[in-house]
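The structure appears below as structure tokens.
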Ligand SMILES: C[S@@+](CC[C@H](N)C(=O)[O-])C[C@H]1O[C@@H](n2cnc3c(N)ncnc32)[C@H](O)[C@@H]1O
């Protein structure tokens, strides 16, 4: 949900205290704006604590870094809007550590949102190519300036062959509705010996459709792992959706349809092109 301009102005006001688990507005604001601020902070699971020594909205988690993400994005996740969830800071560190990003490596973030993951990857020296379907968030990524390239558009419609060579690492937190499609597409951008780390809906650990079953087999074959995250991992982002982390290390000769794998296929397609 987009913050109304007045609310954004109050929350971005340097006098507004946003620290630890609370948001405190220690100055006068009009009643109508206050009501909007109050509603939004409650949508984000804040609770008004009117005791004299508190007088603030208190959250069941540390709001500080997360609110910074929301204020940068100009939007917030609420119970009524399941579209965008920033990756919470602790999970960002966990994912980027797991991917083992080294300075100078190329990294793909295919659903980059407002840059929670891409910012940390860039801080560690990764050269990030980010995709984001939402134009406004893509603009935010450009303004942040930490990505090597930002593409605004549908990642699933991107042709991996537009890359002359594969990407070293993929780090992602794709939309939960079709996360596996995003992961399988991202693999096609990766080198044979690349590494993919992704958040996914925990259903991936037991879904019985063919695509999910085959994916779990491949993860096992390559020595990867799918590990459940604690139930409250996304509480900070306003949702209790259950998630897991996929760790997928590639190697030459694996069953993964990587960028290198695709590069080994094109001769036949070339023949068809000539015949046409
Ligand atoms: C769960 S959020 C994660 C944001 C970001 N990765 C992070 O860690 O904070 C998913 C993001 O994917 C974007 N998205 C959804 N479908 C997409 C698509 N087909 N191509 C590119 N981005 C997409 C959404 O707009 C949203 O910003």
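Read-outs throughout are calculated quantities, based only on the coordinates presented, and are distinct from any laboratory measurement. Keep in mind that this is a model prediction, so the values were computed, not measured. Heads up, the Cβs are rebuilt from the backbone with ideal geometry, glycines too, and the neighbour counts pull from every protein chain shown.
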Problem - Radius of gyration and maximum dimension Dmax of the stretch 5-73, Cα, Å - result: 11.1, 32
Practice task
With a ≥ b ≥ c taken as the square roots of the eigenvalues of the C-alpha gyration tensor of the stretch 138-192, please select rounded if a/c is under 1.5 and otherwise prolate if a/b is larger than b/c or oblate if it is not?
Solution key: oblate
Fill in the blank from the handout: Computed over the chain: longest principal axis from alpha-carbon atoms vs helix 89-99 long axis, angle to nearest 10 degrees, is 20
Completion exercise
Restricted to the stretch 89-263, the DSSP antiparallel beta bridge percent, nearest 5, is 40
Exercise for the section: Please express the shape of the chain as an equivalent ellipsoid: the semi-axes are the square roots of 5 times the eigenvalues of the C-alpha gyration tensor, given largest first in whole angstrom. Expected result: 39, 20, 16
Practice task
Using a 10 Å cut-off on Cβ atoms, rank the peptides 248-257, 62-71 from the highest mean neighbour count down.
Solution key: 62-71, 248-257
Practice task
Output the peptides 137-150, 185-198 sorted from most to least packed, where packing is the average of other Cβ atoms within 10 Å over each peptide's residues.
Solution key: 185-198, 137-150
Exercise for the section: Averaging sequence separations of C-alpha pairs under 8 Å and six or more residues apart, then dividing by the length of the stretch 48-127, give the relative contact order as a whole percent. Expected result: 25
Fill in the blank from the handout: Asserting the computed 222 nm helical MRE of the chain (DSSP H runs at least 4 long, -39500 (n - 2.57) per run, divided by residue count, to nearest 500) equals -10000 deg cm²/dmol
Problem - Relative contact order %, the stretch 5-73, counting alpha carbon pairs below 8 Å whose residues are six or more apart - result: 37
Exercise for the section: Pairs of Cα atoms under 8 Å, at least six residues apart: use those to get the relative contact order of the stretch 89-263, whole percent. Expected result: 21
Practice task
Subtracting the Cα-Cα distance from 0.36 nm times the residue separation, let me have the gained length for residue 240 to residue 32 in nm, one decimal.
Solution key: 71.9 nm
Fill in the blank from the handout: Rounded to one decimal in nm, the spacing of the 7 Å Cα→Cβ label points at residue 154 and residue 255 is 2.9
Handout entry: Space enclosed by the convex hull of the alpha-carbon atoms of the stretch 86-216, per residue, Å³
Key = 107
Handout entry: Whole-angstrom gap from the stretch 139-201 to the stretch 25-53, using each part's C-alpha centre
Key = 38
